[in-house]
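The values are calculated or read from the model by the stated rules, or taken from the named source; none is laboratory data. In this text the structure is predicted, and so the values were computed from the model without any measurement. Please note: Cβ atoms are built from the backbone with ideal geometry, for glycine as well, and neighbour counts cover all protein chains shown.
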Amino acid sequence: MASVINEHGGRDRTRGVVVVNGQEFTVRDAEPQGDQILASAGCEPVDDFVLIQRMRPGSRVVSIDQTIEIAPGEKPVFYAFRGGDIHLFTVDTHGFQWGEADIAEDAIRDIAQIRPELVLEVEREDERPRLLAPGDRLPLTPKGVEHLRTRSRDVEVTIDGEARTIARGDHTTEELLRLLGVEPGYLLNLKRPGGLDTLKPGQHVTVKEGMEFFSQAPGGASS
């Protein structure tokens with residue numbers, strides 16, 4: 001059972017602490033049911049809310065009559081949503097539920113417990129992978145499942161055979177010239193399976209691990 005400090009300075013083992021939507025609440029039972037957790041957070045009538053618990057890994061929907069055992073020192077994390085729609089997404093193949101039609105990037109980080117040095121990449125069959133930036137929101141639908149992967153924030157690429165570490169994701173040609181330290185006025189080539197591709201001004205490139213770039217003097221061959 002969980003315990004909290006009572007008014008006399010001793011341990012009260014009949015109560016527990018939970019976190020609901022980012023705020024801490026005390027429940028009067030160290031083995032509360034879902035309705036007690038919702039009521040402690042002011043989510044009433046409890047029948048109007050969906051309660052989701054953060055797990056390690058993944059999450060689960062908690063029914064109002066389901067009992068949650070709070071271990072000593074533990075503060076289980078929950079998310080409460082008004083309404084009954086459940087939306088699904090995965091992070092690195094682990095499944096999560098959410099109670100709104102979209103989810104903020106920082107909320108994904110919170111429920112999936114993503115380390116700061118990692119970024120989130122959205123995977124869709126009909127689109128190229130894209131990174132979620134701070135402040136972005138990911139649309140969710142009741143009929144489908146959005147899939148995300150964690151990636152390292154930085155990647156190693158080469159410029160003229162020399163290794164450089166730059167931020168993963170979408171960059172314009174001008175940004176790449178600056179990040180790779182290419183001399184002003186030079187062109188930038190990207191190695192593709194069919195040969196070298198000279199990047200045009202303003203062109204966007206999704207930078208990935210191991211890409212090879214080559215600088216080129218105006219009117220000359222690549223370095």
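Of all residues in segment 154-209 being among the small types (Gly, Ala, Ser) and surrounded by 12 or more Cβ atoms within 10 Å (Cβ to Cβ), which is farthest from residue 117 (Cα to Cα)? Give the steps one after another, and end with the answer.
Of the residues in segment 154-209, the ones among the small types (Gly, Ala, Ser) are 161, 163, 167, 169, 181, 185, 194-195, 202.
Okay, now just the ones that are also surrounded by 12 or more Cβ atoms within 10 Å (Cβ to Cβ), so 167, 169.
Working: 167: 11, 169: 14 Å.
Of everything passing the filter in segment 154-209, 169 is farthest from residue 117 (Cα to Cα).
Please count how many residues of segment 56-73 are surrounded by 13 or more Cβ atoms within 10 Å (Cβ to Cβ) and acidic (Asp, Glu). Full working, then the answer.
Here is the first cut: in segment 56-73, the ones surrounded by 13 or more Cβ atoms within 10 Å (Cβ to Cβ) are 57-62, 64, 66, 68, 70.
When the remaining residues are screened for being acidic (Asp, Glu), the result is none.
Residues in segment 56-73 being surrounded by 13 or more Cβ atoms within 10 Å (Cβ to Cβ) and acidic (Asp, Glu): 0 in total.
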- In segment 102-138, residues that are in contact with a His (Cβ under 9 Å, 6 or more places away or on another chain), modelled with pLDDT under 95 and not acidic (Asp, Glu) total 2
- Item | Members of segment 41-88 found to be basic (Lys, Arg), assigned to a loop (DSSP other than H, G, I, E, B) and at pLDDT 95 or above, listed by number | 75
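Being free of Cβ contacts under 8 Å to residues at least 12 places away in the same chain and within 13 Å of the chain's Cα centre (by Cα) narrows it down to one of 109, 130, so name that one.
109
Looking at the structure I just gave you, is residue 103 touching an Asp or Glu at 6+ places or on another chain (Cβ under 8 Å) and either without any contact (Cβ under 8 Å) to a residue 60 or more places away in the chain or farther than 30 Å from residue 192 by Cβ (or both)?
On the way: touching an Asp or Glu at 6+ places or on another chain (Cβ under 8 Å): no; either without any contact (Cβ under 8 Å) to a residue 60 or more places away in the chain or farther than 30 Å from residue 192 by Cβ (or both): yes.
Answer is no for this residue.
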